[in-house]
Amino acid sequence: MAVIRPEARGASAAKSKTRAKERYLKAKKLRRKSRKPSVPKTKCQAASPTHSEHEKDAFMQEESEDDTPTTSDTDQDEHQQDTPESEPAAALPESIAADPLQADPVQQSAAAEPEYLFRFPKPRNTSSLDPAMLASLGIPSALAHPTVVDAAKTKDLDDAWDNATDPALYNGISVSRAVKQRLADFGIKEWFAVQASVIPILLDAHAESSMYMPYNPPRDLCVSAPTGSGKTLAYTVPIIELLRTRTLVQLRALVLVPTRDLALQVGETFDAVGRGSGLRTAVVTGNHSLRHEQKQLVKSTDDGFGSNVDILIATPGRLVDHLRGTPGLTLQHLRFLVVDEADRLLGQSFQQWVPTLLHALAPSNPPPVLQTYAPPELQLKTDHIKWAQDDLEAPAQSVQKLLFSATLTRDLSKMDALQLRNARYISVRDGEQPRNDALGEHFATPARLREYMIVTETSNKVLQLLRLLHAPVGPEHEPVHHALVFAKSVDAANRLVRLVSFFEDDWAKRQGTRRLHVQYYSSDLSAVERAKILRQFQQGEIDVLVCSDLIARGIDLPEVRHVVLYDVPVDIAKYIHRVGRTARAGRVGDAWSLVEEQEVYHFKRMLREANHLDRVQTEKTKNAALDEYVPCYKAALSQLAAVYSQQRL
């Protein structure tokens, strides 16, 4: 057995320790190379492994070997030491043909570069934008720049419209003698501005053609005019004038209004102007049962159903009920669609009345008998007309949409809901009234309306109302009589009527004067009761009518001399419609707004944004002027508290 000397064992351990140190130094060298930034590879380097990769493979192979040295290992290690490190492990070719499916090396190097997160600029304040410019974005030019008509402009009832004197109106157009006679019987001697502007436009569309124009349909019309300017007659007269020549009874005119009372008033106007024309008018608002109204609208015939009316006045909700539940009711022959108080109707859904109405006007599969468009035989009667028709052109609906309101909205979502066709816009306003285009809507107040604002404490608000009713105020220095008083709700109106009535009882006894008759008017009353109250107010039997917004839309009460806003509204549209109940048809009227101290800022801001603040005068009142009403007011409060205490029991 060979014996290993101690000297030989020590030399072998030293050699093994030297090889381990060499492996450590190689690994350290590789780590240093890996930390260096990468450089773009050449085509040769991309095709073959680098020298460092060969050294890494060799190092990994050596790590896997056994630590026991052998003769071949020693020879190989000595050979590696003789080989310079900069020499590659294998000879590289001078050029390599790139694989056509291989990615571009330049793109690979660009993708390998690190991506940097750029710093965004610091936030800064943007320049203020013009509100008028923002309000006009996307609005059609006809709506942004409507035809403006002076509210003071009038025209004699017997004069025909002459294009030579007024380019905005049309030549040779006049209403029939029968209609003029009906208007004269009501004391109407001249056309107001809105009537002189709208009537010739509607009549001119039919001057040389028949009622239906499927290949040359009329343009729709949107009208913004002050309250009390005669908008109802502006569409009543041309509709009666055009439908009075009809031979068959068909539903050809539909008028939509927001309230039942306004529907009854519009129906009375159609009956009065169209008396003797043979036209049949119906009003459906829900005051009667559905079956009763169905008998008014349709009738049974040998072919199925027929229409009983030519003109229909309805509220949107009741119209939807009949479109869904009345057999035989059709809008296929409709020629006029009037939306009165359009801003309010378009702002409320009413059982999705807009899509339901449009679907009834143009159903997807119209029946062969009830054509959606003009009957085919009408074209045979109008061969002399130059039709704008070609072989591929389809007929269009002949229904003409007419929108009327004192506050004409410019909200495109609302205007587009009715699918207006090339609409034209007319704005009737006072020549001295400032424009309010930045508000997004057009509105106008009567020219002879005087507006006042009274700033008061909350505790003195009722006393200020009592002072208006009994003390001389205004330019005429007369108490406020024949007045409408608007409250914020039905309950508030009911409480105010009771309080003022108790005050009037005590005040009349102490002062020995006539007691003012104060009445309550709201939707809680039946239709018969409301009609009776309005009749008494028009006859002068009622001095003050306290109401909510039910009467603020469209109701024509010529006897209203004053309007008192006991609770001021929060938006300009409600304000315009409330104060517009007076100064109607060219009369003089006063509007009084009782503004609490905490409401002054918001109320003035609303008027300022509408460019209307300059038209409202501020009236200052001393508290000493209210002292004489305090005793009777306290007594009325005690009586009111006793009444509500009994109701709780």
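The values are calculated or read from the model by the stated rules, or taken from the named source; none is laboratory data. Since the model is a prediction, treat every value here as computed from it, not as a measurement. Counting neighbours? That spans all protein chains shown, and the Cβs are built from the backbone with ideal geometry, glycine included.
Remarks
- Residue list for region 335-358, restricted to those being among the hydroxyl-bearing types (Ser, Thr, Tyr) and under 20 Å from residue 550 (Cα atoms): 349
- Taking first residues from region 255-282 that are under 15 Å from residue 312 (Cβ atoms) and partners that are of a type in the set (D, E, K, R) and not in a loop (DSSP other than H, G, I, E, B), the Cβ contacts under 6 Å between residues at least 6 apart in sequence or on separate chains come to 257/340; 281/271.
- Taking region 491-528 as the range and being surrounded by fewer than 17 Cβ atoms within 10 Å (Cβ to Cβ) and among the β-branched types (Val, Ile, Thr) as the test, the residues that pass are 513, 528.
- Options 181, 195; residue that is in a helix (DSSP H, G or I), free of Cβ contacts under 8 Å to residues at least 24 places away in the same chain and either among the polar types (S, T, N, Q) or in contact with a helix residue (DSSP H, G or I) (Cβ under 6 Å, 6 or more places away or on another chain) (or both): 181
This table checks each residue for (1) in a loop (DSSP other than H, G, I, E, B); (2) of a type outside the set (Val, Ile, Thr); (3) at pLDDT 85 or above; (4) surrounded by fewer than 15 Cβ atoms within 10 Å (Cβ to Cβ).
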position	(1), (2), (3), (4)
395	yes, yes, no, no
404	no, yes, yes, no
427	no, yes, yes, no
438	no, yes, no, no
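- When the residues of region 242-263 are filtered to those that are surrounded by fewer than 20 Cβ atoms within 10 Å (Cβ to Cβ) and hydrophobic (A, V, I, L, M, F, W, C), the one that is nearest to residue 353 (Cα to Cα) is 249.
- Test for residue 257: is it touching an Asp or Glu at 6+ places or on another chain (Cβ under 9 Å) and modelled with pLDDT of 85 or more: yes
- Qualifying residue in region 622-631 (condition: part of a loop (DSSP other than H, G, I, E, B) and in the same structural domain as residue 526 (by TED's automatic domain parsing)): yes
- Residue in region 517-528 that is outside the structural domain of residue 406 (by TED's automatic domain parsing), over 30 Å from residue 642 (Cα atoms) and among the small types (Gly, Ala, Ser) present: yes
- Among residues of region 588-641 being more than 18 Å from residue 505 (Cα to Cα), of a type in the set (Ser, Thr, Tyr) and surrounded by 14 or more Cβ atoms within 10 Å (Cβ to Cβ), the one that is modelled with the lowest pLDDT is 621.
- Scope region 468-481; condition more than 15 Å from residue 513 (Cα to Cα) and under 40 Å from the mean Cα position of the chain (by Cα); matching residues: 468, 473, 474, 475, 480
This table checks each residue for (1) at pLDDT below 75; (2) touching an Asp or Glu at 6+ places or on another chain (Cβ under 9 Å); (3) of a type in the set (Asp, Glu); (4) in a loop (DSSP other than H, G, I, E, B).
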{"position": "317", "(1), (2), (3), (4)": "no, no, no, no"}
{"position": "339", "(1), (2), (3), (4)": "no, no, no, no"}
{"position": "343", "(1), (2), (3), (4)": "no, yes, yes, no"}
{"position": "374", "(1), (2), (3), (4)": "yes, no, no, yes"}
{"position": "378", "(1), (2), (3), (4)": "yes, no, no, no"}
{"position": "383", "(1), (2), (3), (4)": "yes, no, yes, yes"}
{"position": "390", "(1), (2), (3), (4)": "yes, no, yes, yes"}
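- Some residue of region 228-241 being farther than 25 Å from residue 558 by Cα and touching a residue at least 40 places away in the same chain (Cβ under 8 Å): yes
- Subset tally (residues that are modelled with pLDDT under 95 and of a type in the set (A, V, I, L, M)) for region 280-294: 1
- Residue match in region 561-571 (condition: in contact with a Ser or Thr (Cβ under 7 Å, 6 or more places away or on another chain), touching a residue at least 24 places away in the same chain (Cβ under 8 Å) and either farther than 29 Å from residue 191 by Cα or not assigned by TED's automatic domain parsing to the domain that holds residue 617 (or both)): yes
- Residue match in region 292-303 (condition: surrounded by 15 or more Cβ atoms within 10 Å (Cβ to Cβ), touching a residue at least 60 places away in the same chain (Cβ under 8 Å) and not charged (D, E, K, R)): no
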